[in-house]
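I have placed the structure first, in the form of structure tokens, so that the comments after it can refer back to it.
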Amino acid sequence: MMVSINTHTTRKTLQHATAVLGALLLGLIVYGFSQGDIAPSLEARLLPKSLTRQTEWVTITAQQVLSGSTIPADRNVIVHIPEEITRISRKVLFGRRGDTIRYWGYCFPQNIHDSNNNLKRGFPGDLFLSEAEREFRRQKLIAERRRTFSIFKNLTVADLNETEDRVQSRIRHQVEIFTGGNTCFVMTEKSIPVGADDDGDGLNNSLERSLGSDSKNPDTDGDGINDGLEVFRLVSHPTKRDSDGDGIIDGIEDTNRNGRFEPGETNPTEWDTDRDGLCDGLCKVNKGQDLRGEDKNLNGIYEPNNGEYDPRTTDSDGDGVFDEHEVYLCVLGGGDDC
Ligand SMILES: [Ca+2]
Ligand SMILES: [Ca+2]
Ligand SMILES: [Ca+2]
Ligand SMILES: [Ca+2]
């Protein structure tokens, strides 16, 4: 009993010591470099200055990045990029959340040469900013610069262009590709998924787990479109071969399998692409009693000789009678394959 309490206490003490050490380290960094161009970067931290000192430190281990983890909001987070990762893009590593979520951080350089370079420029590592954070800083700098103009002076196009140029040059974003062995600091306003991408489909392992897709298989449902394209571009189900339930699998609807619904294709996320009332493939109608649809053999090819209609056109044969009405007339006439 005593032993377990002591172990627990020791662990607590160690955790505390690590946290204090981390805070001291950042304190030194901030103090040491506050004279250089680090100041605007740190001022733009996501938390008010008064709160940053008491912000908790969290470490995400290389093992956690491999299996997929979450970077919590409003914490000082240290992420160890596992050696197993050769290279991974910032977007994939942080689950493509940067368009809407403000996060920023920096990676400590791996060798002393890089380190010296960065120290000369007044920052101990290479900065990265999410798209949302870059836009936030851009707007802030533009507003600051506008205030420096006299209210009696009209801004010319040249003034505005100059403002834009100056602002762009002040926003430093240096890391798009992360490599194994890096140690990086991250702070985010909302939690973001972090992880390796074992199967290279653009979804990191944390996202794959939350979506229920297979992190070792780039096309979990085997419909011909990879998981990343399904989630981020097509917005279809990575675990469902026929996302819209019209009978035709996603990779047949999206013929060139590029994750976009384009002219000449049927829509993998809409059961009736041409909205003529008949589904693209075959669907149950009349409370499940009948099967009706346009591409009846579900092969993605319009075959009028097989009694099919074109799921891309409301009037497939161009005779002025809409497809749905043709089916209605067929049923009235007692046809058995309408
Ligand atoms: Ca993946
Ligand atoms: Ca798929
Ligand atoms: Ca479908
Ligand atoms: Ca469809």
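The values are calculated or read from the model by the stated rules, or taken from the named source; none is laboratory data. Note that the structure is a prediction, hence the values are computed from the model and not measured. Here Cβ is always computed from backbone atoms with ideal geometry, including for glycine, and neighbour counts include all displayed protein chains.
Of all residues being of a type in the set (D, E, K, R) and crowded, with 17+ Cβ neighbours inside 10 Å in region 134-184, which is nearest to Thr86 (Cα to Cα)? Just the residue, please.
Taking region 134-184 first, the residues of a type in the set (D, E, K, R) are 134-135, 137-138, 140, 144-147, 153, 159, 162, 164-166, 170, 172, 176.
Subset that is crowded, with 17+ Cβ neighbours inside 10 Å: 134, 137, 145, 172.
Numbers: Arg134: 26, Arg137: 31, Arg145: 41, Arg172: 24 Å.
For region 134-184, the residue satisfying everything is Arg172.
Is it the case that region 58-68 has a residue that's small (Gly, Ala, Ser) and at pLDDT below 95?
Quick first cut of region 58-68, residues small (Gly, Ala, Ser) only: 62, 67-68.
In the following step, the residues that additionally are at pLDDT below 95 were identified as none.
Checked against the condition, which is being small (Gly, Ala, Ser) and at pLDDT below 95, region 58-68 yields no hits at all.
Yes or no: region 218-229 includes at least one residue that is part of a loop (DSSP other than H, G, I, E, B), more than 20 Å from Asp337 (Cα to Cα), within 12 Å of ligand 2 (Cβ to nearest atom) and among the β-branched types (Val, Ile, Thr).
As a first pass, look at region 218-229 and keep what is part of a loop (DSSP other than H, G, I, E, B): 218-226.
So of that shortlist, the ones also more than 20 Å from Asp337 (Cα to Cα) come out as 218-226.
Then drop every residue that is not within 12 Å of ligand 2 (Cβ to nearest atom), which leaves 218-226.
Among the residues that remain, those that are also among the β-branched types (Val, Ile, Thr) are: 220, 225.
Yes, region 218-229 contains a residue that is part of a loop (DSSP other than H, G, I, E, B), more than 20 Å from Asp337 (Cα to Cα), within 12 Å of ligand 2 (Cβ to nearest atom) and among the β-branched types (Val, Ile, Thr).
Name the single residue, out of those in region 185-212 being farther than 22 Å from Arg87 by Cβ and small (Gly, Ala, Ser), that is farthest from ligand 3 (Cβ to nearest atom).
So the residue we want is Ser191.
Could you please find all residues in region 299-311 being crowded, with 18+ Cβ neighbours inside 10 Å and within 36 Å of the chain's Cα centre (by Cα)?
Gly300, Asp310, Pro311
Output yes when any residue across region 207-214 is surrounded by fewer than 23 Cβ atoms within 10 Å (Cβ to Cβ) and either under 24 Å from Val285 (Cβ atoms) or among the polar types (S, T, N, Q) (or both), and no when none is. Quick ask: steps written out before the conclusion?
Of region 207-214, the ones surrounded by fewer than 23 Cβ atoms within 10 Å (Cβ to Cβ) are 209-212, 214.
Within this subset, residues satisfying the condition of being either under 24 Å from Val285 (Cβ atoms) or among the polar types (S, T, N, Q) (or both) are 210.
Yes.
Could you list, in sequence order, the residues of region 268-291 that are of a type outside the set (A, V, I, L, M), more than 16 Å from ligand 2 (Cβ to nearest atom) and touching an Asp or Glu at 6+ places or on another chain (Cβ under 9 Å)?
Glu270, Trp271, Asp272, Thr273, Asp274, Asp276, Gly277, Cys279, Asp280, Gly281, Cys283, Lys284
Which one is surrounded by the most Cβ atoms within 10 Å (Cβ to Cβ) among residues in region 260-271 that are charged (D, E, K, R) and farther than 18 Å from Lys284 by Cβ? Don't jump to the end; show me each part of the working.
Restricting attention to region 260-271, the residues satisfying the condition of being charged (D, E, K, R) are 260, 262, 265, 270.
Adding the requirement that they be farther than 18 Å from Lys284 by Cβ leaves 260, 262, 265.
Details: Arg260: 12, Glu262: 10, Glu265: 18.
If we take residues in region 260-271 being charged (D, E, K, R) and farther than 18 Å from Lys284 by Cβ, then Glu265 is surrounded by the most Cβ atoms within 10 Å (Cβ to Cβ).
Could you tell me whether region 245-259 includes any residue that is closer than 26 Å to Glu208 by Cβ, polar (S, T, N, Q) and buried (at least 17 other Cβ atoms within 10 Å of the Cβ)?
Scanning region 245-259 turns up no residue that is closer than 26 Å to Glu208 by Cβ, polar (S, T, N, Q) and buried (at least 17 other Cβ atoms within 10 Å of the Cβ).
For Asp336, are the conditions met, namely being under 30 Å from Asp219 (Cβ atoms), more than 16 Å from ligand 1 (Cβ to nearest atom) and either exposed (fewer than 13 other Cβ atoms within 10 Å of the Cβ) or of a type in the set (Asp, Glu) (or both)? Reasoning before the result, please.
Values: under 30 Å from Asp219 (Cβ atoms): no; more than 16 Å from ligand 1 (Cβ to nearest atom): yes; either exposed (fewer than 13 other Cβ atoms within 10 Å of the Cβ) or of a type in the set (Asp, Glu) (or both): yes.
Here the answer is no, as Asp336 does not meet what is asked.
Taking Asn258, is it more than 30 Å from Cys338 (Cα to Cα), of a type in the set (S, T, N, Q), part of a loop (DSSP other than H, G, I, E, B) and in contact (Cβ under 8 Å) with a residue 12 or more places away in the chain?
Working: more than 30 Å from Cys338 (Cα to Cα): yes; of a type in the set (S, T, N, Q): yes; part of a loop (DSSP other than H, G, I, E, B): yes; in contact (Cβ under 8 Å) with a residue 12 or more places away in the chain: yes.
Judged against the criteria, Asn258 is a match.
Condition (residue is of a type in the set (A, V, I, L, M, F, W, C), touching a residue at least 24 places away in the same chain (Cβ under 8 Å) and not in a loop (DSSP other than H, G, I, E, B)) applied to region 237-253: is it met by at least one residue?
The initial filter retains those residues of region 237-253 that are of a type in the set (A, V, I, L, M, F, W, C), namely 248-249, 252.
Checking the rest, the ones that are also touching a residue at least 24 places away in the same chain (Cβ under 8 Å) come to 248-249, 252.
Now narrow it down to the ones that are not in a loop (DSSP other than H, G, I, E, B): 252.
The answer is yes, given that some residue of region 237-253 is of a type in the set (A, V, I, L, M, F, W, C), touching a residue at least 24 places away in the same chain (Cβ under 8 Å) and not in a loop (DSSP other than H, G, I, E, B).
From the list Ser169, Ser210, exactly one residue is closer than 27 Å to Gln64 by Cβ, part of a helix (DSSP H, G or I) and either more than 16 Å from ligand 2 (Cβ to nearest atom) or of a type in the set (Asp, Glu) (or both). Which is it? Before you say what the answer is, go through the steps one by one.
Working: Ser169 fails: closer than 27 Å to Gln64 by Cβ.
Testing whether each residue is closer than 27 Å to Gln64 by Cβ, part of a helix (DSSP H, G or I) and either more than 16 Å from ligand 2 (Cβ to nearest atom) or of a type in the set (Asp, Glu) (or both) leaves just Ser210.
Looking at Gly288, Gly264, Gly281 in this structure, which one is of a type outside the set (Asp, Glu), in contact (Cβ under 8 Å) with a residue 24 or more places away in the chain and on the phi > 0 side of the Ramachandran plot? Break it down into steps so the answer makes sense when it comes.
Details: Gly288 fails: in contact (Cβ under 8 Å) with a residue 24 or more places away in the chain; Gly281 fails: on the phi > 0 side of the Ramachandran plot.
None of the other options fit; the residue is Gly264.
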